[in-house]
Amino acid sequence: MSKLGSLAESWIIRKPAVSSRRGVVVTQHVLASKAGAEILAGGGNAIDAAVAAGFAIGTVEPWMSGIGGGGYMVVYVAREHKSYAVEFGVKSSSALDPADYPIVGDMGPDLFSWPSVKHDRNIRGPHSVAVPGMVAGLDRALTAFGTQNWQDILAPAVRLAEEGLQVDWHATLKIASVARELADHAESKKIFLPHGFVPVGEWAGPLPSIRLGRLARTLRRLADAGAADFYNGETAKKILADAAALGIGLTADDLSAYQPHLSEVERARYRDAEIDIVPGLTAGPTLRHALNALSENLPSAGDTPDGDAYKAYARSLFDAYDHRLAYVGDVPDTVSPSCTTHINVADAEGNLVALTITLLSIFGSKVTLPSTGILMNNGVMWFDPRPERPNSIAPGKRPLSNMCPVILLRDDGLRFALGASGGRRIMPAVFQLISFLADYRMTLDTAIHQPRLDVSGGDTVTMDHALPKSVVDAVSASHQTQVLPNGVYPNLFACPSVAAHDPASSTNTGAAFVVSPRAAAWVEPE
């Protein structure tokens with residue numbers, strides 16, 4: 001066992017769950033949570049609030065997500081007792097040529113430890129950009145399940161973009177972590193490195209703010225013209241003009257042909273609960289495999305998870321990832337930062353949404369389009385640069401992703417929306433939260449504060465240093481382990497959150513990622 005957490009921060013952080021009959025919105029930034037809650041308070045449902053929060057969070061946490069990215073959503077419709085998946089992941093350009101990504105080394109600096117590609121062009125810069133799906137996907141969800149109009153839903157995002165990004169210490173940290181790469185791209189440098197430096201607030205002074213280029217103008221245009229403008233209208237023309245000028249291989253056909261996919265979810269059973277996940281090219285199938293393994297590895301649960309339970313978690317995750325690596329083509333990742341974000345919403349009618357959106361790496365491709373202020377994804381990084389593999393780089397193709405939004409329906413009537421950000425660590429975090437809620441019937445407050453381990457490919461179990469010594473010793477007896485802190489940066493255990501609806505009491509409860517300074521569950525006063 002390797003214990004590396006001895007120099008970690010010594011404080012204990014708690015972030016209590018919050019409850020309301022009117023609904024709850026949980027995001028990784030309090031201003032996005034408030035934006036969604038305002039929609040609920042104005043008569044919107046969970047889908048309306050999730051879409052509003054999804055657009056809003058890209059203006060206050062732009063390194064994590066935005067309209068230049070994509071994602072996945074699970075929507076639980078209470079009146080139907082059914083869940084639907086909305087898939088709007090990024091897609092490689094039809095003009096992409098795999099020969100443009102020659103392998104030059106054994107291991108690259110990306111999230112997935114693919115072999116190195118010449119100039120890291122699959123990881124950052126113009127060649128790393130894939131076709132974004134977020135605008136189309138959120139529009140599809142709103143059209144199918146929402147109750148409010150598009151313009152009102154985008155209004156909070158427009159307002160926040162016009163106000164500018166408040167640069168607190170967390171934003172300073174995020175910008176500083178990739179400042180050298182942002183400086184390589186003119187518009188990104190202009191926005192995020194004003195006067196050539198990382199923006200930093202003064203001691204005891206007000207927070208500085210930075211203008212996100214022309215993003216506010218673009219969001220207002222989309223609010224007025226509709227989502228189709230992003231793919232076929234004036235916004236599309238600006239995107240394509242900037243893409244051509246910067247060497248991004250997007251075509252008019254790439255944008256106009258992009259379509260999100262909506263389908264009814266095939267429900268799976270786990271103990272005394274049912275699980276609704278996104279199928280296909282996500283971590284959902286691997287989660288299902290891990291839960292099936294846990295049913296065998298953890299025959300019965302006590303009052304709280306002990307050393308045997310965590311051993312069962314580790315064993316089940318190893319089994320699931322062995323299967324994923326063998327049959328899906330994914331490979332172990334490193335500790336490189338990812339830029340995904342997750343949103344959960346529960347409303348008064350019992351509708352639930354679990355929404356995960358991403359630019360992939362922190363600040364995505366690092367390329368901001370000057371005419372629109374759109375920070376573009378680096379979705380090509382999701383592909384394996386090695387040929388003739390299930391997830392190899394190819395034109396017009398959707399890549400494998402680690403996103404894992406979930407709806408959990410317990411037999412006692414409680415319903416949960418949950419998910420996480422954090423790259424490869426997403427599924428293990430969601431997997432353990434499901435066990436905490438289904439096997440141990442923890443409250444949301446207890447579950448979100450319960451320490452976790454991580455197994456996400458490779459041979460080592462990473463354990464939160466807040467776990468009891470008895471648990472660490474039990475897992476270390478059969479696995480190579482390392483003990484590390486669950487901190488803000490680097491984050492080694494993903495960033496989970498959860499929202500719940502209790503039909504018996506008509507109460508909605510939300511719990512946000514604990515150690516983040518900005519993550520929040522928000523309710524409007526009743």
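The values are calculated or read from the model by the stated rules, or taken from the named source; none is laboratory data. Please read these numbers as outputs of a predicted model, since none were measured by experiment. Backbone-built Cβ (ideal geometry, glycine too); neighbour counts: all protein chains shown.
Please go through (1) surrounded by fewer than 21 Cβ atoms within 10 Å (Cβ to Cβ); (2) closer than 20 Å to D464 by Cβ; (3) hydrophobic (A, V, I, L, M, F, W, C); (4) modelled with pLDDT of 95 or more for V335 and return the number of the only condition it doesn't satisfy. With respect to (1) surrounded by fewer than 21 Cβ atoms within 10 Å (Cβ to Cβ); (2) closer than 20 Å to D464 by Cβ; (3) hydrophobic (A, V, I, L, M, F, W, C); (4) modelled with pLDDT of 95 or more, V335 is out only on (4).
Return the residue satisfying two criteria in turn: it lies in the stretch 300-332 and is assigned to a loop (DSSP other than H, G, I, E, B) and surrounded by 21 or more Cβ atoms within 10 Å (Cβ to Cβ), and of such residues it is modelled with the highest pLDDT. My answer is P305.
Of M442, M427, all but one fail to be free of Cβ contacts under 8 Å to residues at least 60 places away in the same chain and closer than 30 Å to V77 by Cβ; the exception is M442. Kindly establish whether V74 is in a strand (DSSP E or B), in contact with a helix residue (DSSP H, G or I) (Cβ under 7 Å, 6 or more places away or on another chain), more than 25 Å from L212 (Cβ to Cβ) and not charged (D, E, K, R). Taking the combined requirement at face value, the residue does not satisfy it. Checking F416 against (1) modelled with pLDDT under 95; (2) closer than 22 Å to A17 by Cα: exactly one of these is not met. Which one? Unmet for F416, out of (1) modelled with pLDDT under 95; (2) closer than 22 Å to A17 by Cα: (1). When L138 is tested against (1) within 23 Å of L250 (Cβ to Cβ); (2) in a loop (DSSP other than H, G, I, E, B), just one condition goes unmet, and that condition is (2). Taken over the stretch 118-135, the criterion of being in a helix (DSSP H, G or I), on the phi < 0 side of the Ramachandran plot and charged (D, E, K, R) is satisfied by K118 alone. Taking only the stretch 464-507 into account, find how many residues are under 30 Å from R21 (Cα atoms) and surrounded by fewer than 20 Cβ atoms within 10 Å (Cβ to Cβ). Residues meeting the conditions: 6.
Take the conditions closer than 30 Å to V367 by Cα and without any contact (Cβ under 8 Å) to a residue 60 or more places away in the chain and apply them to D224. Does it pass? Considered against the rule, which asks whether it is closer than 30 Å to V367 by Cα and without any contact (Cβ under 8 Å) to a residue 60 or more places away in the chain, D224 comes out as no.
Among the residues making up the stretch 372-391, those that are over 15 Å from D120 (Cβ atoms), in a loop (DSSP other than H, G, I, E, B) and in contact (Cβ under 8 Å) with a residue 24 or more places away in the chain are T372, G373, I374, M376, N377, R386, P387, R389, P390, N391.
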